[in-house]
Structures are given as structure tokens and as C-alpha cells.
Amino acid sequence: MRGGTSRALVFHQVDLPRARADWNPIFLAALGSPDPAGRQLDGLGGGISSLSKVAVVGPPSRPDADVDYTFGQVEVTRPFVDYIGNCGNISSAVGPFAIDEGLVQAREPETLVRIHNTNTGKLIHAHVPVAGGQAAVLGDYILAGVPGTGARIALDFLDPGGAVTGRLLPTGQTREVLDIPHLGPLVVSLVDATNPMVFVRAKDLGLTGTERPEALDALPGMSLRLEAIRGLAAAKMGLVADPTEVATRSPAVPKVALVSAPAAYRALDGAEVAASDVDLVGRVVSMGKVHRAFALTGAMCLAVAARIDGTVVREVLTGSGGDGGGDVRLGHPSGVLTVAARVVQTPGEAAVARSVTVYRTARRLMEGAVLVPA
């Protein structure tokens, strides 16, 4: 299924071995990993992180959910499946899958599917349009990075704070200083909402923030510098004991996002994005590469960070999103993404993220049996 700007193989949990350890060889073979050439030629993956994902859907393990959903990020070049953290884009495919597979009764014109994400222990409410007893596909909603239009799915991520670390601000501070090798002290904000994120001002790395993904990937030493930032941040967050462990323990979490004030730029499809169209500009690194869109959980975490006084995200935020209410309009390589975050910040008390709402489209691309070596 395509969910938002990502794609995944979606499995029924009942079709998989009971032992989680036995899942990985199936997922790796199905997607064609590891492939040293980075193409996943011997499987159904697409050679980049957004096209190398799996989802497992099964009966709910808690009474306030309709289904359980487990996300897996499959490495392209290494035999590794990362289950730390969730994927917001693939979350949008779970509701339609549950309806079309009869796991949730379809109700027109819209069905609420209560999803328990086992990676984070959080609840997601998916409001799925329904037509003819199935999840609707056709609609007029335009999602930047996806050709054409589709039926709009609203996703409410409830109580998203501390999804992996247990705290919205893992260190208790809105800003931290990391001593980056060959760079020096770097001010960052560490925030955990739907997924842990490291936010860096693009200008602090000598960037404008509007660079194209391939240009950032090609900058000499940039990928090593970003990975060093990620490792030090992961240690600060308590995700690893030593910064060097992050590459093997979780290549997907935390993610690093570069943020900057609104600026005009050209999207990947050639469309011009005006500075007045966005409240800030962002680029996010996923599995060692700059994302061609913006990882949805990263965008949701960014929207929450934009509502917390003192973060570097709040600092660069301007326009309608800067008043602490309304939507945050994020300019990313594929266009503009709108995210709404509800954060309660009482003087003298820690900020609390109540919910984040995003809009996606999803579509079933094929159904059948994927063959893996015995």
C-alpha cells in the first residue's frame, strides 16, 4: 500500500510466525535487502527508505483500539529491520487496510479506526472516507509529493509526547549544546513527539535550508556531520549509551531536521513555493539520506516543537503559525505540508502535547502473495 508519501508491504499478523525474531528474514527477503548496490533488485523495495517499509496489522491488545499495528523500517544495504519508532505516512494506510480486510466494520461516509501502534504504545484515530463498503480512494485532496488527488484521511495522534523516550523533552531542556567533531558547539532542540527528533538551524551548518535533497547528500562531509549530530543527540536522549552505537541500534531514530525561516524555493516537481506560503522551511534526514518529502512523524514532532517556547523551531517560525495557534505550514522539498498540534504550556510547568492532526491519502496498490526463499 501507499500511505502518504511512503510505501509498505502490509501483512496480517496471523500470517506471520508467532516469534518476532522470525519476522525479519521474511521482511528482508520480501523487500530485497540487503542489496549492496542499493536497488533492492531481488525484492519489492524501492531502494530508498520511504519505499522500504513493512506494516503488520492484527487484533487489538488493548480495549480502546480496533487493531494493533507494528511498523518496521527495512534497511536497504544492511540486513536490519528497525522497530524503534513509528511511521506517520504508513499509519495512514492502516485504517483503509483494516476496513477493506474486514477487521473493522465499514460505515459510510466515514469510519473511525482506532489504531494502537505497538512501536510507541500510542493511539492513532484514523478518520477514513468510505464508499461502497470500502475505503474510498478517489477524492480531491492534493498531497504534495504524490501525483494526482485522493480521498483525504485525517489522522489524530493522541498524546504523542514521549513516544520513545517517555518525555516530550527528553533532557528536560528546550535547547542543548552538542560538541560536534570538526564543527564545534552546536545548539539543537531535542523533542520526542510521535518520534524523537533533533532540530538544527540550517544556518549553523552553513546552509540556507532550501537546498534540494540531492545537493545536500552530495556535500562533502555533510552526511558524516549529520550522523555525528544524530549520535550525540541519541546519547543525550538516553537512546544509546555511546554515540557510536546509534548506527547499529537504530539507523532510523532519532532523525535530524534542518530548519530555517520562510524562504522561496523550487519544489522537486518544478513548482515555485513563495516565502509567504510557508511558516518555516525544513529538510529531514532519514536513514542517512535527505528525505525527498518530509518524514511525517518528523513533521508532527516539528509542529509540536513549534508550540514550545525556547526551541530552535519556535525561533525560526513566522507567519500565521507563529502565534501559537492554527496550523503550521512546513515548506519541504516536495511542497507544503500543513500540520496542527495542540500543546498546553502552563507557566512553571512542563509542556504537554495533547494531539497532532495531519491529513494524508492512501491506496492499495496490489494484493497477493510475496515469495521468499524457504
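The values are calculated or read from the model by the stated rules, or taken from the named source; none is laboratory data. From a predicted model like this one, the values you see are computed outputs, not experimental measurements. Heads up, the Cβs are rebuilt from the backbone with ideal geometry, glycines too, and the neighbour counts pull from every protein chain shown. When the accessible area is computed, the model is the full protein with side chains, heavy atoms only, and any ligands, DNA or RNA have been set aside. Shrake-Rupley method; radii C 1.70, N 1.55, O 1.52, S 1.80 Å.
Among the lysines of the chain, pairs that are 8 or more positions apart or on different chains and have alpha carbons within less than 25 Å of each other number 11. Would any residue of the range 220-262 have its amide N under 15 Å from a label point 7 Å out along Cα→Cβ of residue 173? List them or say none. The answer is 232-238, whose backbone nitrogens lie closer than 15 Å to the label point. Take 131-138, 292-299 and order them by the average number of nearby Cβ atoms within 10 Å per residue, most first; the result is 292-299, 131-138.
List the longest stretch of the chain that has no exposed loop site; here a site is one of the GluC sites (Glu not before Pro) assigned by DSSP to anything other than H, G, I, E or B, with at most 11 other Cβ within 10 Å.
1-348
Here residue 175 sits with roughly 90 square angstrom of accessible surface, probe radius 1.4 Å.
Rounded to the nearest 500, what is the chain's calculated 222 nm mean residue ellipticity when only DSSP H runs of at least 4 contribute -39500 (n - 2.57) each, over all residues?
Dividing the helical sum by the residues of the chain leaves -5000 deg cm²/dmol.
Here the gap between residue 140 and residue 182, fully extended at 0.36 nm per residue and compared with their Cα-Cα distance, gives a gain of 10.2 nm. If you roll a 1.4 Å probe over the chain with all protein chains in place, what percent of the accessible area is carbon or sulfur? Reported share for carbon and sulfur atoms: 53 percent.
In this calculation the C-beta distance from residue 64 to residue 14 is compared with R0 = 22 Å, giving a FRET efficiency of 0.50.
With R₀ fixed at 25 Å, the C-beta to C-beta distance from residue 346 to residue 318 puts the FRET efficiency at about 0.50. Normalised by residue count, the range 181-257 yields a Cα convex hull volume of 103 Å³ per residue. Amide H to amide H distances under 5 Å link residue 286 with 291, where only residues 5 or more positions off or on other chains count and H is placed in the peptide plane. If R0 equals 25 Å, the separation of the Cβ atoms of residue 21 and residue 366 corresponds to a calculated FRET efficiency of about 0.35.
Under the 0.36 nm per residue contour assumption, what length would be gained going from the current alpha-carbon distance of residue 354 and residue 217 to full extension?
Extra length available between residue 354 and residue 217 comes to 45.8 nm.
Using a probe of 1.4 angstrom and keeping all protein chains present, the accessible surface of the range 1-134 works out to 40 square angstrom per residue.
Accessible area ranking (1.4 Å probe, heavy atoms, ligands and nucleic acids excluded), largest first, for 54, 352: 352, 54.
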